[in-house]
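Have a look at the structure below before the remarks.
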Amino acid sequence: MSDSYAVFGNPIAQSKSPAIHRHFCEQTGEDMTYTKQLVAEGEFQTAADAFFADGGRGLNITSPFKLDAFQYADRRTPRAERAGAVNLLIKENDGSITGDTSDGVGMVNDMLNMGWELGGKKLLILGAGGAVRGVLEPLLGQQPANLTIANRTLAKAEQLVKDFHDLGELKACSFDDLAGRQFDVIINGTSAGLHGERVNLPANLLAPDSACYDMSYAAEPTGFLCWAEREGCKQLSDGLGMLVGQAAESFYAWRHIRPEVVPVITELRRKMTESKKKAS
Ligand code: ATR
């Protein structure tokens, strides 16, 4: 019987992870199954116990269970400890469960694959929730000149600065405090767009040749990317490549083979555009 993997979340119907791992298996010839499982709130532990007792080898975890997965793991990687969340569980040969986080490295690899430079650059990240906490360590690992965290609730950005200040030059501020400053790379890590809301940003934040990245993705440009385009930004990306990148890291952790991400991103993008055209 082939090894089995799954993604747990709620909701989960929209998850692209099974399709991504199917592409990885086709590329690499690995024999495994990967399914998506809707887990009721409060039922994470029961569902994970049942999955692993049934022979499951690994899980991806999406909203709202990343903290449950953090607690579930018998041990966690240092980067998962810092991120305070786990999106990847690995069943070791001794039966114990390791928790890791692959979101941040997925995002940074996506930027590097697109040829974006982060080293020595001025970075701005919008938001200070769980998603942003998860990407700070790998971002700072690229040794930017500095990284500013701007958030609606300033205290949350200040807390992140406290927790990560040993890894690089970090500052917290409110959105209004951004006026008059310029950045080389701006990353949207707020959930504003998901609620149909917009972050109100001052004009002229973009340095020449800057790049803008939205950690969320959609069939059409997100509100943040539309703002960036209006501000004259030429290098824009949503977070589809981050999703595929975190999946590739998971696949590597489980199967010890690194799949190619670019053809998978291209294929998913093609399908998303196609289904949007059909719907309109
Ligand atoms: P996630 O796991 O996606 O990071 P989260 O931890 O709830 O979710 O964090 C959501 C982030 O989006 C927070 O930084 C939040 O700002 P606050 O800390 O002030 O709540 C930010 N956010 C959500 N809606 C927003 C909006 N309309 N404008 C600006 N920021 C918003």
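The values are calculated or read from the model by the stated rules, or taken from the named source; none is laboratory data. The structure displayed is predicted, hence computed values, not measured ones. Here the Cβ positions follow ideal geometry from the backbone for every residue, glycine too, while neighbour counts run over all protein chains shown. Areas reflect the complete protein model, heavy atoms only, side chains present, ligands, DNA and RNA absent. Shrake-Rupley method; radii C 1.70, N 1.55, O 1.52, S 1.80 Å.
Normalised by the number of residues in the chain, what is the relative contact order in percent for Cα pairs under 8 Å and 6+ residues apart?
Computed value for the chain: 16 percent relative contact order.
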Using a 1.4 Å probe on heavy atoms of the protein chains only, the accessible area for PHE175 in Å², nearest 10, reads 30 Å²
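Hey, can you list the DSSP H helices of the chain whose Cα span along the axis is 30 Å or longer and whose average Kyte-Doolittle score is at least 1.6? Walk me through the numbers before you get to the answer.
Details: long enough: none.
Correct list, ordered by number: empty.
Which order do ARG152, ARG230, ARG255, ARG198 take by accessible area at a 1.4 Å probe, largest first?
Details: ARG152 195, ARG230 160, ARG255 40, ARG198 135 Å².
Largest accessible area first, the residues go ARG152, ARG230, ARG198, ARG255.
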Under-5 Å amide H pairs with ILE187, H placed in peptide plane, nonlocal only: LEU124, ILE125, LEU126, TYR213
Please give the net charge around CYS226, taking every other residue with its beta carbon less than 15 angstrom from that of CYS226, where Lys and Arg add +1 and Asp and Glu add -1. -3
Using a 1.4 Å probe, what is the accessible area per residue for the chain, in Å²? 48 Å²
Which value, in Å² and to the nearest 10, is the accessible area of LYS66 when all protein chains are kept and the probe is 1.4 Å? 60 Å²
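Taking R0 as 45 Å, what's the FRET efficiency between GLN182 and LYS276 from their Cβ-Cβ distance, rounded to 0.05? Let's see the in-between values first.
On the way: r = 34 Å, r/R0 = 0.75.
The computed FRET efficiency comes out at 0.85.
Taking all protein chains as present, what is the carbon and sulfur share of the accessible area of the chain, in % to the nearest whole number, probe 1.4 Å? Don't jump to the answer; show the numbers that get you there.
Numbers: 6540 of 13540 Å².
Carbon and sulfur together cover 48 percent of it.
Nearest 5 percent is fine: what portion of the DSSP beta bridges confined to the stretch 3-101 is antiparallel?
35 percent
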Alpha carbon centroid spacing (whole Å) that separates the stretch 222-280 from the stretch 61-117: 19 Å
Rh by Kirkwood over Cα pairs, then Stokes-Einstein D for the stretch 79-194 at 1.567 mPa s and 4 °C, µm²/s: 87 µm²/s
Evaluate the relative contact order of the stretch 3-101 (contact order divided by residue number), counting alpha-carbon pairs under 8 angstrom at least 6 apart; express in whole percent. 28 percent
In sequence order, what are the phi-derived ³J(HN,Hα) couplings for the stretch 191-203 according to the Karplus relation 6.51 cos²θ - 1.76 cosθ + 1.60 with θ = phi - 60°, rounded to whole Hz, with x for glycine and proline? 9, 3, x, 5, 9, x, 10, 10, 7, 8, 10, x, 6
For VAL262 paired with GLU117, estimate the spin-label separation in nm (one decimal), with each label point 7 Å from Cα along the Cα-to-Cβ line. 2.0 nm
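For an R0 of 25 angstrom, estimate the FRET efficiency from the Cβ-Cβ distance between ASP166 and ARG75 and round to the nearest 0.05. Working shown, then result.
On the way: r = 22 Å, r/R0 = 0.89.
Working from the Cβ atoms, E equals 0.65.
Which of the residue pairs LYS122/LYS171; LYS16/LYS271; LYS36/LYS66; LYS16/LYS276; LYS121/LYS171; LYS36/LYS278 have a Cα-Cα distance greater than 18 Å in the structure shown? All intermediate terms of the calculation are to be shown ahead of the outcome.
Details: LYS122/LYS171 11 Å; LYS16/LYS271 11 Å; LYS36/LYS66 15 Å; LYS16/LYS276 15 Å; LYS121/LYS171 14 Å; LYS36/LYS278 25 Å.
Pairs exceeding 18 Å: LYS36/LYS278.
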Amide H neighbours of TYR217 at under 5 Å, excluding residues fewer than 5 places away on the same chain, with H built from the backbone geometry, are GLY239
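How charged is the neighbourhood of PHE175? Take every other residue with its Cβ under 12 Å from the Cβ of PHE175, and add Lys/Arg as +1 and Asp/Glu as -1.
Numbers: positive: ARG152, ARG181, ARG198; negative: ASP176, ASP177.
Net charge around PHE175: +1.
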